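The values are calculated or read from the model by the stated rules, or taken from the named source; none is laboratory data. Computed from a predicted model, the values in this text were never measured in an experiment. For neighbour counting, all protein chains shown are included, and Cβ atoms are generated from backbone atoms with ideal geometry for every residue, glycine included. Please note that ligands, DNA and RNA were not included when accessible areas were found on the heavy atoms of the full protein model with its side chains. Shrake-Rupley method; radii C 1.70, N 1.55, O 1.52, S 1.80 Å.
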Amino acid sequence: VSNFGVACQKTEPWSATYSPPSFKSCLQRETQKKGEGTVIAMAACSNSEADISNLFKPIYLKEVPHLSHYVPNLQTRPNPLDHNPYFNTRHLRDHGFYLTHSDLVLRHIESDPSPLPRFAYHRAGPRKLIYFDPSLVRVGIVTCGGLCPGLNTVIRELVMGLWHLYGVRHIMGITAGYRGFYSSEPLPLNPKLVHHWHNVGGTLLQTSRGGFHLNDIVDAIQNHAFNQVYIIGGDGTMRGAVKIFEEIRRRKLEVAVVGIPKTVDNDVGIIDKSFGFQTAVEMAQQAISAAHVEAESAVNGIGLVKLMGRSTGHIALHATLSSRNVDCCLIPEIDFYLEGKGGLFDFLDQRLKENGHAVIVVAEGAGQDIIPRTDSQKEERDESGNLVFLDVGAWLKSELNNWWARDHPHELFTVKYIDPTYMIRAVHANASDNLYCTLLAHSAIHGVMAGYTGFVTGPINGNYAYIPLEDVAQANNPVDTKDHKWSWVRSVTNQPDFVRR
């Protein structure tokens with residue numbers, strides 16, 4: 001076991017002894033096939049006063065689908081990185097340049113008292129043998145769903161990595177999302193064309209919602225002779241990618257499918273964070289700063305900022321912690337109410353008396369259950385099948401004005417409402433996200449060239465891993481309002497918990 005608790009590397013046979021100086025322990029391992037994959041059974045014996053046996057409960061390896069599982073007689077070949085002038089693979093070979101099937105990343109690195117199983121994933125990176133002849137590789141790259149900082153960076157780095165690392169020359173961009181597979185001709189991509197794309201927001205391949213017709217898409221993949229498909233999108237896109245992979249596997253096509261999770265809301269589960277999120281938080285702070293100036297410059301002024309976050313409040317939470325000028329943060333994971341003791345109006349009344357101004361940050365998915373809806377609005381959905389949300393910012397502004405006019409007639413009051421949604425998601429990625437997007441793209445390329453398919457790549461506890469597509473499509477990433485981070489938000493804002501007593 002190397003880097004115990006962060007990433008582990010299996011040697012043959014499974015055997016190791018771990019003896020920290022503070023206690024005596026013995027690890028007994030055996031591998032066997034279980035429903036979740038390979039199980040590494042761990043048992044601990046301790047003579048210390050503290051019970052640390054929970055550290056060594058079983059860890060299950062999440063196996064990633066491989067082309068060899070359903071395509072017979074696949075040929076392998078040496079990785080062309082051996083001859084790449086920029087990689088001294090022979091010198092680095094003894095230092096782990098090429099990863100093996102035994103290089104793993106642990107999902108949980110902390111002592112978790114819950115009875116839930118613990119998982120490990122295959123570590124992302126180049127393999128010594130590859131399953132594709134680069135001269136025969138035909139790549140399709142598609143972006144789906146809404147915009148997100150870093151989309152163009154991912155596309156650029158996929159092209160650059162395929163072209164320069166593996167010598168792939170047939171790379172196509174699918175325009176207009178999933179429907180582009182069957183409704184338009186793909187766009188040829190090369191390093192010269194995409195050279196500047198990381199400096200541009202949005203997606204130069206264009207995108208759309210909906211248009212997912214499984215058989216038409218897979219038929220188009222066959223007709224274009226794509227044998228590698230890179231799908232960039234959010235949770236809905238990943239669910240579509242699962243279906244594409246399953247249909248390709250059913251047809252026994254020699255086509256590898258990889259998902260690169262994209263969501264500005266950071267609501268993708270399992271991975272540490274989604275690309276574009278850090279840029280979004282940075283941009284959100286500018287809106288909060290403007291709202292603070294407006295509120296502070298008025299008598300009884302309130303600055304109201306609506307940020308992205310349909311089902312999770314990560315942007316609102318992190319922007320609040322980063323700004324420190326926010327008096328109240330409202331997110332989808334918490335219920336709040338307006339009237340009565342401990343409600344939003346009661347809190348704002350006290351804050352305005354104390355400071356003369358206040359700043360409210362609200363995620364777009366917050367308060368949707370208390371906004372009045374017509375019957376038709378209750379059923380309205382977008383092209384992706386998501387329930388259409390009402391504008392919580394505009395509703396809250398109206399309610400604030402009504403409250404003040406009722407309870408404080410003839411007193412000055414103003415609400416400045418700022419909605420920077422499209423400004424936040426349309427910018428190009430910052431330096432941190434650009435680097436992240438590069439690592440995502442290269443990790444995906446290495447995995448596909450090694451024959452893996454039906455997977456997503458992303459960082460887990462700082463180490464890039466390959467995760468089964470289906471796992472990511474089913475996972476979510478809500479804000480845990482019971483952990484220290486939400487407590488930190490409340491300590492910064494001093495806002496109520498909105499629990500009626």
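Okay, residues lined up against (1) surrounded by fewer than 24 Cβ atoms within 10 Å (Cβ to Cβ); (2) without any contact (Cβ under 8 Å) to a residue 40 or more places away in the chain:
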{"position": "H196", "(1), (2)": "yes, yes"}
{"position": "G210", "(1), (2)": "yes, no"}
{"position": "H213", "(1), (2)": "yes, yes"}
{"position": "D216", "(1), (2)": "yes, yes"}
{"position": "Q222", "(1), (2)": "yes, yes"}
{"position": "Y230", "(1), (2)": "no, no"}
{"position": "T237", "(1), (2)": "no, no"}
{"position": "R250", "(1), (2)": "yes, yes"}
{"position": "P261", "(1), (2)": "no, no"}
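Condition check for L412 on (1) in a loop (DSSP other than H, G, I, E, B); (2) among the hydrophobic types (A, V, I, L, M, F, W, C); (3) crowded, with 16+ Cβ neighbours inside 10 Å: one failure, at (3). Which ones in segment 137-176 are of a type in the set (G, A, S) and in contact (Cβ under 8 Å) with a residue 40 or more places away in the chain? The answer is G140, G145, G146, G150, G161, G167.
The residues of segment 276-316 that are over 26 Å from the mean Cα position of the chain (by Cα) and closer than 24 Å to N434 by Cβ amount to a single one, S289. Exactly one residue out of E157, E110 is acidic (D, E) and more than 28 Å from R425 (Cβ to Cβ): that is E110.
Of the residues making up segment 269-282, those that are open to solvent by 20 Å² or more (accessible area, probe 1.4 Å) and in a helix (DSSP H, G or I) number 2.
For segment 290-301, a residue qualifies if it is open to solvent by 20 Å² or more (accessible area, probe 1.4 Å) and touching a helix residue (DSSP H, G or I) at 6+ places or on another chain (Cβ under 7 Å), and exactly one does: N300. When the residues of segment 421-465 are filtered to those that are outside any helix (DSSP H, G or I) and among the β-branched types (V, I, T), which remaining residue is most open to solvent (accessible area, probe 1.4 Å)? The extreme case among them is V427. Is one or more of the residues making up segment 488-499 in contact with a Phe, Trp or Tyr (Cβ under 7 Å, 6 or more places away or on another chain), assigned to a strand (DSSP E or B) and either of a type in the set (A, V, I, L, M) or more than 24 Å from L81 (Cα to Cα) (or both)? Within segment 488-499, none of the residues are in contact with a Phe, Trp or Tyr (Cβ under 7 Å, 6 or more places away or on another chain), assigned to a strand (DSSP E or B) and either of a type in the set (A, V, I, L, M) or more than 24 Å from L81 (Cα to Cα) (or both). Any residue in segment 277-291 that is of a type in the set (S, T, Y) sitting within a Cβ distance under 6 Å of a residue that is assigned to a helix (DSSP H, G or I)? List the pairs, counting only those 6 or more apart or interchain. That search, which allows pairs on different chains as well, returns T279/D433.
Summed over segment 309-326, the residues that are more than 20 Å from C148 (Cα to Cα) and surrounded by fewer than 24 Cβ atoms within 10 Å (Cβ to Cβ) give a count of 5. Going by the structure shown, is L304 over 16 Å from W488 (Cβ atoms), open to solvent by less than 20 Å² (accessible area, probe 1.4 Å) and among the hydrophobic types (A, V, I, L, M, F, W, C)? Here the answer is yes, as L304 does meet what is asked. Applying the criterion of at least 3 residues that are under 21 Å from the mean Cα position of the chain (by Cα) to the helices (runs of 4 or more DSSP H) found wholly in segment 170-268 leaves 235-250.
Could you say whether any residue in segment 336-351 is within 30 Å of G240 (Cα to Cα), open to solvent by 10 Å² or more (accessible area, probe 1.4 Å), free of Cβ contacts under 8 Å to residues at least 40 places away in the same chain and out of contact with any helix residue (DSSP H, G or I) (no Cβ under 9 Å at 6 or more places or on another chain)? Checked segment 336-351: no residue is within 30 Å of G240 (Cα to Cα), open to solvent by 10 Å² or more (accessible area, probe 1.4 Å), free of Cβ contacts under 8 Å to residues at least 40 places away in the same chain and out of contact with any helix residue (DSSP H, G or I) (no Cβ under 9 Å at 6 or more places or on another chain). Return the residue satisfying two criteria in turn: it lies in segment 104-161 and is open to solvent by 10 Å² or more (accessible area, probe 1.4 Å), part of a strand (DSSP E or B) and in contact with a Lys or Arg (Cβ under 9 Å, 6 or more places away or on another chain), and of such residues it is modelled with the lowest pLDDT. Out of the qualifying residues, it is R118. Annotation for segment 398-409: at least one member residue is open to solvent by 40 Å² or more (accessible area, probe 1.4 Å), in contact (Cβ under 8 Å) with a residue 60 or more places away in the chain and in a helix (DSSP H, G or I). For segment 352-391, a residue qualifies if it is under 30 Å from H292 (Cβ atoms), open to solvent by 50 Å² or more (accessible area, probe 1.4 Å) and either in contact with an Asp or Glu (Cβ under 7 Å, 6 or more places away or on another chain) or of a type in the set (G, A, S) (or both), and exactly one does: F389.
For N461, the stated conditions hold: it is on the phi > 0 side of the Ramachandran plot, in contact (Cβ under 8 Å) with a residue 40 or more places away in the chain and of a type in the set (S, T, N, Q).
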